Amino acid sequence: MAYMEKISLTTKFEGMHDVTKQVQEVVKKSGIQEGICVINCNHTTAGIIITSFWDKRGHVDFQEELDKLIPLRYDYHHNFDTPTDAAGHIKSAICGTGLTLIVHEGRAMLGSSQGVLFCEFDGPRARQFFVKVISD
Amino acid sequence: MVYTKEYKISTGRDSMQNISAEICKTVEDSGIRNGIVVVETVDSTAGIFKSVSGSPEALDDIVREMRRIVPARINFYQQESPENGAGHIKNCLFGSSVSMILKDGKLLCEGREDVYFAEYDGPRESSFCVCVAGE
Amino acid sequence: MNRNDYDDSLLRQARRMEEYVNIVYQNVLPQVKNLPVKEIWDVQKIFISGCGDSWLAGIAAKPAFESITGIETNAVRAIEFSRFLSNKNLGYSPNTPLVILISYSGTASRVIECARRASKYGANTIAITNNPDSPLAKECRYLIHVGLPADGEYQPGLTTYNASMLALFMIALRIGRVRNTISPLVYDDMNKELLNFVTECQKKNEEFEERAFAIATKWKDLKAEDFIGDYGDYATAFFGSAKVIEAFGGYTTYDDSEDWCHINFFLAEPERIGRVVVTNKSTPSFGRVLESINAIKIIGSPCMIISDGQKEEFPERMEVFTTPTPKYFWMNPLVQHIPFDMVAGYIAAIKGVPSFRKDDERYSSDLSKSRLKNGTEIVII
Amino acid sequence: MDHKDYTSSLLEQIRNSVKDIHTIAENETFEFFEKCVPPEVVKGGGNVFITGCGDSYCAAIATKPIFENADTSTKTGMVPGTPTKAYRNIEFSRYHNTYSGWNPLTLDRNMLCVVSISGSPARPNEAAIRINEHGGTSVAFTANPNGKLAGNCKYVVPMTLPDYDLAPNVTSYYSSVFSLMMYGFYMSSIKKQLTPEQAQKCRDGLLEYVDSYDEAVMDRLSKQAFDLAKRWEEDGVDNMDFVGDGPDYATAFFGSAKMVEAFGGLTTNDDSEDWCHINYFIKDSDHIGTFIIANEDSPAFSREMETIKVMCSIRKHVAVITDAEESLFPENATVIRVPKAKALWMHPLMEHIPLDFVAGYIGCWRGRRPFRNSEEPWCQDKDAARFRNSKIEII
């Protein structure tokens, strides 16, 4: 048995959006007690990661360190779009655009300070991602 | 006795121009045998430094390494242009003047090292000054 | 008839053209620097829009934008942008497209509609206006205030047209400089060249005025004026026809060099229609325009040519106004409309017709005054 | 003399326009297009450019919304399509991407639809050769399948053209607008933006709209145009002003071209906003006739209503071509009602008929040979040298 749902959100520039609640809601709505939950987004300049959700300033550190690793320089070879788009592709590839969580007792198993975050790497945009819950 | 001379120079993008010839000529014109030679540029997006002579590949490495250390980012706070922003930073990191010892009419580094004029912000008209002091 | 007995607002503005260009240049230079580097790098497509002369300034600046910045630029009519443009062009990624909206007074309701539609899609908007606290300035994210002195005489719009086009050139230069499509060397040279080109043309204006009066005396009884120009010069041609209508309400048509041969070539009584051709040696369609000029010679219309080419390159019996050749071709539209503005000014003065039909009370009714300002505004989603 | 007693080649073309469109429609089915331009080529067409000289440029403006996304900006029931641009021929051949350079990533996705009935003028061939050299695909819409243009293009759509002797051409406009519209639906259905049923529904809707111009309507339009033309001739109207927005601007442009071809009348064309800025100030407002096309479901209808009020306050001769009620418009405007179309993009195919009738009647009265090729001084331009053998330059 499987249940899937699309979640859309509008992001902010270099935004880190905590989507843990929405994911848990989908798992609850699916009614599946034991199984796995796959989270996937089909964008090339966005990422989905697990990190601590407690301190929002930690998310700013994440984006700043990523910016140091992959600077918004203008002379990327991929200059069909904008530099933020070119850097966004690399950041998205590094962070990954999908997650798999274990569903146990009707909830996605996450640590006490783990949160699912949707990271935006190319400016404010309308974004969407998919959550599919599959029973054992 | 002090002798100074100003030189105009037109540069290209990411150009590293060898200016040792001008410096030696200034030393000869000055007639000074012993002392020190200072080469300086007042252009805020250019740099002067001494480096190995006779190997263009080394210069390419220097240019590429400079770009890796100081990428021309579009989110600098100064709003002139990315190249201009990176140029200022490179200028202050890698220095914009060199001083050399002049002994018996010859520079110590002659034949082993050359002085280069590096341009960090696109082709433009620039200038540098050579000052020979001593007797 | 003596030239000194006749004067007109267009002539007075033409004489002070250089002075106004310098004023606007000094005002706009610092403001253009406020456009942040990141948002300039986010631009992938540019739209320029406005009503009447402002739209023409957009067409005239298109060659400048394309050659300096290399970004796809579209000069779109105000109603086309606000009501018909497909919204796939708007807001497909942050800060793009860049929408530059021009309105001297900043109150034209269609241009405000464009600003609202653009900002609804998150597109970056720049307003070019002379009224910093106008509704347009408030709707747009960035403002370029051209800063023309308040007491000047700007109707019919010769100075305002130059001011908007100069502001567009400076935005293009700023974008080119930031995106490194032009080197700092070329950037400084272009800025310097923009001002000496205008001073050079101002020197020739004295001679142009002399010959413009001669043409005005011959052309004042003609049935109509027909204008020809391609691409950037199409704006100069259209602007000339707009001045004819504003200055003395005459009949005009305008077209590009190809379609002219298909349509306006057949206008009746060609000997009573004055043709004005705007073309330059540097433009790719110069060869084609020469062929159209030959067709004009065949049907025997009086013809006036504004170009950077010499008299010998055109068939004889043509009035050729040779404007100085600029170092950068895209500067031509800034000055090439002046010769015909003088002719229009002199014809209006000789005919004694006030501009904008001020003597006709129908044109001062409140319906006439509100026709541009408070129309119903709809924002198409 | 009644309006029926006048005949000329132009009037004849207008009177059997419905019949001609049906003959064109029979040959130009979707299978016909499949044979001319194979589906995988059409699927690769990312950017569409439509260009042509004179009337063909009007057809380009008229059919642009069909290729592009017409549904969200106008109430037309279409789905998003491909980015499309209508170009003047000289602008595409010499200026498109000349200064900014071609984008190397999209070279093979550019598709040029170049429209030229005879295929012989130099500029359309120049445009075709240029897009071929820049790696794009060129599709010729021509009535002369073995003419020069057909030779220069990779794919040819042979348009059927009922023949009439030399006259200002209305049938060529029908056939180019109809072919471009069908090609737009064919492309959208191949690219899965429209289901084949939707494409067929659009086609049938269009033919239904064409049939709404039945005998009674055509007779009424002809009579109204005749009375208008007669009144304007008596008042000495020798200059005309055409106003239209979006797709209706194509009708305005086409109408002004017909007046010039039919009797050399002096015309300008503009949109409803810029008219208030520029043409509003034409001085001799008693000897200038103004046509404005204002359809009810056009997004610019509110602006057109305001402009009509301003027009009627200034000018004596104002004619409104609309599918809305007469009562909406001021008294001194002559309202010519055209049948209502289900979608805005259908209008340009037929709404120019009243303008053509006016051109036809004035042409008869002024007794001018159309195109004046044989009259002094036009005849010295041997075999229309000005566009048939103009020099071709590829940039």
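None of the figures in this text is laboratory data; all of them are computed from the coordinates on show. Remember, predicted model here, so these are calculated numbers, not experimental data. All Cβ positions, glycine included, derive from the backbone under ideal geometry; neighbour counts span all protein chains shown.
This model, with +1 at the C-beta of Lys and Arg and -1 at the C-beta of Asp and Glu, gives the protein assembly as shown a dipole about its Cα centre of some 1440 debye. The GNM of chain D, with springs linking C-alpha atoms under 10 angstrom apart, assigns the highest mean-square fluctuation among D:ASN239, D:ASN97, D:ASN152 to D:ASN97. Per-residue Cβ neighbour counts within 10 Å put D:ASP274, B:ASP14, C:ASP221 in the sequence C:ASP221, B:ASP14, D:ASP274, beginning with the fewest. A Gaussian network model of chain C, with springs between Cα atoms under 10 Å, assigns the largest mean-square fluctuation among C:LYS218, C:LYS45, C:LYS88 to C:LYS88.
What's the exposure ranking of A:LEU110, D:LEU11, going from fewest to most Cβ atoms within 10 Å?
Least crowded to most crowded, the residues run A:LEU110, D:LEU11.
Which translational diffusion coefficient, to the nearest whole µm²/s, is obtained for the range C:101-212 from the Stokes-Einstein equation, given a Kirkwood hydrodynamic radius over C-alpha pairs, 4 °C and 1.567 mPa s? D, rounded to a whole number, is 81 µm²/s. For D:ALA25 paired with C:LYS369, estimate the spin-label separation in nm (one decimal), with each label point 7 Å from Cα along the Cα-to-Cβ line. Result for the modelled spin labels: 5.3 nm.
At q = 0.11, 0.19, 0.20 Å⁻¹, what log₁₀ I(q)/I(0) does a Debye calculation on the Cα points of the range D:215-372 give, no solvent, two decimals? After summing over all Cα pairs, the log10 values are -0.38, -1.22, -1.37.
Which value, in debye to the nearest 20, describes the size of the charge dipole of chain D about its Cα centre when Lys and Arg Cβ atoms bear +1, Asp and Glu Cβ atoms bear -1, and nothing else is charged?
My answer is approximately 1220 debye.
Note on A:MET4/D:ALA216: beta-carbon distance plugged into 1/(1 + (r/R0)^6) with R0 of 56 Å gives a FRET efficiency of 0.45.
Mean silhouette area of the protein assembly as shown, derived from the convex hull of its C-alpha atoms and averaged over all directions, reads 50.5 nm².
If you bin all the Cα-Cα distances of the range C:1-103 at 10 Å, starting from zero, the percentages per bin are 13, 33, 32, 14, 7, 2, 0.
Between the range C:181-208 and the range D:136-168, the alpha-carbon centres lie 47 Å apart. Calculated on C-alpha atoms, the gyration radius of the range A:2-135 divided by its Kirkwood radius gives an Rg/Rh of 1.01.
What would the Debye formula give as log10 I(q)/I(0) at q = 0.12 Å⁻¹ for the alpha-carbon point model of chain D, no solvent? For chain D, the Cα-only Debye profile gives -0.95. Select from the range D:115-211 those trypsin sites (Lys or Arg not before Pro) which occupy a DSSP coil region and have at most 13 other Cβ atoms within 10 Å, ordered by residue number. Here the sparse-neighbourhood loop sites are D:LYS192. Note on chain C: Rg/Rh from Cα positions, Kirkwood definition for Rh, rounded to two decimals, is 0.96. Based on the Kirkwood approach, the hydrodynamic radius assigned to the range D:3-211 is 17.5 Å, with every pair of different Cα atoms included.
Residues C:TRP55, D:TRP365 in ascending order of nearby Cβ atoms (within 10 Å, fewest first): D:TRP365, C:TRP55. Take the Cα of D:ARG366, step 7 Å toward its Cβ, do the same at C:GLU200, and the gap between the two points is 4.4 nm.
For a paramagnetic label modelled on D:MET1 (point 7 Å from Cα along Cα→Cβ), amide N atoms under 15 Å away belong, within the range D:326-369, to D:358-369.
A simple spin-label model places pseudo-atoms 7 Å from Cα toward Cβ; at D:GLU34 and C:LYS311 they are separated by 6.7 nm. Note on B:GLU135 and B:ALA58: with the Förster distance fixed at 45 Å, the Cβ-Cβ geometry gives a FRET efficiency of about 0.80. Normalise the Debye intensity by I(0) for the range C:202-363, one equal point scatterer per Cα, no solvent, then take log10 at q = 0.11, 0.13 Å⁻¹ and round to two decimals. Reported log10 I(q)/I(0), two decimals: -0.40, -0.57. Inter-chain neighbour count for A:66-79: the average number of beta-carbon atoms from partner chains within 10 Å of each residue's beta-carbon is 4. By the Cα gyration tensor, chain B has an equivalent ellipsoid whose semi-axes, rounded to whole angstrom, run 29, 15, 11 from largest to smallest.
For the range C:225-243, list residues with backbone N below 14 Å from a point placed 7 Å from the Cα of C:SER105 toward its Cβ? Zone members listed by number: none at all.
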